1. Test each condition in (1) surrounded by fewer than 16 Cβ atoms within 10 Å (Cβ to Cβ); (2) within 22 Å of the chain's Cα centre (by Cα) for PRO110 and report the one that comes out false.
2. Considering only the range 124-144, state which residues are part of a loop (DSSP other than H, G, I, E, B) and surrounded by fewer than 19 Cβ atoms within 10 Å (Cβ to Cβ).
3. Pick from the range 1-30 the residues that are surrounded by 12 or more Cβ atoms within 10 Å (Cβ to Cβ) and part of a loop (DSSP other than H, G, I, E, B): which of them is modelled with the highest pLDDT?
4. Report yes if some residue within the range 31-39 is loosely packed, with under 14 Cβ neighbours inside 10 Å, modelled with pLDDT of 90 or more, of a type outside the set (A, V, I, L, M) and in a helix (DSSP H, G or I); otherwise report no.
Amino acid sequence: MTQYPDWTASDIEKLFGSNKGAWDRFVRDHAPLVFAAVRRKLVPAGKGHEAEDVAQDVFLKLVRGDFKLLRGFDPERAKLSTWLTVIATTTAIDHLRRHARPTQDIDALPEGLLSVEAKEYVWINIPEGLLSPRQALVLELLYKQELEVQEAAAFLKVDPQTVRSTHHKALLKLRQHFATQDESSGG
């Protein structure tokens, strides 16, 4: 793991004046970290050749508005290297979003491209006792009665997050049960 020079709060304070030497040292010390964080986002998107420009944008972002962003750094909450990595990563993501391919107007697309083949769903036989009564009821509300999470929560008089959690736990039990059944049948 690469170690980056420790910058104290007083070192960072020096950046807020007109201390060009301090800024040059800051950039020299942290440019490799910023560049690496930017590349981690841009290279998989095929935009690695833009990494230098985006890394430069990170440093511009730090000085903009009389160092407003950099003044917000709190060494009690994170190490400077961690904080800079987050700033660099979000700057790279913002860059990718700004330069994403334009989307097509959905009304201009042929209807055949948008159609979805209707699927017939088969309700599986769930072994008795595998799911709790609440889990079974949530699955029935969501899948058989095709209620939305909010509607199921209102019906059960619970928070929607409770429905999501119960649904998730039920699916985990089903996956585990059917995975074990597949293994034992050799499938």
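The values are calculated or read from the model by the stated rules, or taken from the named source; none is laboratory data. Just so we're clear, the structure is a prediction, and the values are computed from it rather than from any experiment. Note: ideal-geometry Cβ built from the backbone for every residue, glycine included; neighbour counts use all protein chains shown.
1. (2)
2. We begin by selecting, within the range 124-144, every residue part of a loop (DSSP other than H, G, I, E, B); these are 124-132.
Across the range 124-144, the qualifying residues are ILE124, ASN125, ILE126, PRO127, GLU128, GLY129, LEU130, SER132.
3. PHE16
4. Kept after step one, since they are loosely packed, with under 14 Cβ neighbours inside 10 Å, are these residues of the range 31-39: 32.
Filter again for modelled with pLDDT of 90 or more, leaving 32.
Cutting the leftovers down to of a type outside the set (A, V, I, L, M) gives us 32.
Okay, now just the ones that are also in a helix (DSSP H, G or I), so 32.
Looking for residues that are loosely packed, with under 14 Cβ neighbours inside 10 Å, modelled with pLDDT of 90 or more, of a type outside the set (A, V, I, L, M) and in a helix (DSSP H, G or I), one finds at least one in the range 31-39, hence yes.
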